[in-house]
Amino acid sequence: MGAGRGRRNVVKAKKSASSMRSFYILLAAVAVVGIGAIIWQTQRPEGGTRWVENVEPGEAEGYLMGDPNAPVTIYEFADFECPACATWATVQKHDVVQRLVATGQANLRFFDFPLPMHQNTTQAHNAAACAADQDKFWEMHDAIFVGQPEWAGNSRPKRFFEGYARNIGLDVSAWESCYENGTHLPRILANKAEGDRRGVNSTPTFVIGRRLRPGVLPFDVIKAMVDSAAAEVTSSSAAATPSQ
Amino acid sequence: MKTRMGIALLAMGGLILALYLTLYKMGMIGELTCTVGSCETVQLSKWATFLGLPVALWGVGAYLAVLGLALVGLQPAWLESRGISWLLVGLNTWNVAFSAWLTYLELFVIDAICMWCVISAVLMVIILGLSLMDLRAVRGLPLAPDHR
């Protein structure tokens, strides 16, 4: 009888060890799948690179930063209420401006691409467009993106934009008159239509040369795209020059 | 033992979820996948920060603590420990209360629901239920001399 109980105990212990092993395998599998999904989410190019025709913008001009005659233009289609756009504007843009725009390798053209799911984004684009009247688009652009957590989703966003207008030194009454009248809404819609025409469907999306790529692109990726576009410009102008 | 395994597995799932939201809040994930509700509105509201840290990061800490306790409680020496069971019940009661407060904020203050926050709240409730079952099971066992 004692021997029987001992055997039962051994069987029980074996079962327990086997069930623990299965449990740890399952736990590790959950961890690996979950962490893998997160890594994929952080790395995925959000749609990947697509090729588009190298068309010049129509009536939509966007907002320019840098030398208008720079060999390459970085077109950015963004939504002021999109968190990913805010990340790019506050983290990655600085390097792009310092190392590509300030050095004349490229200029940057911001195009409004307000997404319909964001309740305050059109007002934000309107606020920035009105600041452009006083040559302070980029200052307002930065203030709106930095302040995104406070005005996004707020039922009265104007008071925040008005505060930014004051802080960056705008003539607030002129800005307010423009804001209230929606003076630049056609321009915003034209910029958005330009994005639609180029096949933009998420923000931020960058168009450089013949490449269109959505996502929070790091400096290195932007630089590679600019270099590639510059090489295409050089080779096409070399081909156009008659040999002697 | 099975209830603690269940707690550990659910806590691991919750940990991954909270980590995802934390990375988004830190700007390391561009877009939040959110098929139901308005995750961005909730994550961008002032209520997404608690005591200077993202709420999601508190979630990472809470799930880590639950996972750690459950794993310790699965070791042979602690398998019948009432202390572990009480700690699990206490911690998870706090977690459920915190989740209930966050859900209240979403529904009545922010006016937006975050799918991931709701999933996390449901996970917390299930984990509390399992913790109560574990406590009940352990209380039914005779007291071991070293784990009273």
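Data for the structure
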read-out: Stokes-Einstein D (µm²/s) once Rh is taken as the Kirkwood radius of the stretch A:148-244 over alpha-carbon pairs, at 4 °C in 1.567 mPa s; value: 74 µm²/s
read-out: Shielding by other protein chains, B:2-13, mean Cβ within 10 Å; value: 3
read-out: Pairwise FRET efficiency - A:Asn181 versus B:Val72, Cβ, R0 = 56 Å, nearest 0.05; value: 0.30
read-out: Cα extents of chain B along the three principal axes, largest first (Å); value: 52, 29, 28
read-out: Note, ³J(HN,Hα) from phi for the stretch B:57-67, Karplus 6.51, -1.76, 1.60, rounded to Hz, x at Gly and Pro; value: 5, 4, x, 4, x, 5, 5, 4, 5, 5, 4
read-out: Coil-residue trypsin sites (Lys or Arg not before Pro) of the stretch A:100-209, DSSP, other Cβ within 10 Å capped at 14; value: none
read-out: Charge sum, other residues only, whose C-beta stays under 10 Å from B:Val138's C-beta, Lys/Arg counted +1 and Asp/Glu -1; value: +2
read-out: Rounded tilt (10° steps) of B:82-104 against the dominant C-alpha axis of chain B; value: 20 degrees
read-out: Amide H within-cut-off set for A:Ile74, under 5 Å, with H built and near neighbours excluded; value: A:Asn107, A:Leu108, A:Arg109
read-out: Neighbour cut-off at most 15 other Cβ (10 Å), DSSP loop, chymotrypsin sites (Phe, Trp or Tyr not before Pro), the stretch A:120-153; value: none
read-out: Descending Cα extents along the principal axes, the stretch A:102-210, whole Å; value: 41, 35, 26
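Computed from the coordinates by the stated procedures, all read-outs in this text should not be read as laboratory data. Because the structure is predicted, anything quoted here is derived from the model rather than measured. Because the Cβ atoms are built from the backbone with ideal geometry, glycine has one as well, and the counts that use them run over all protein chains shown.
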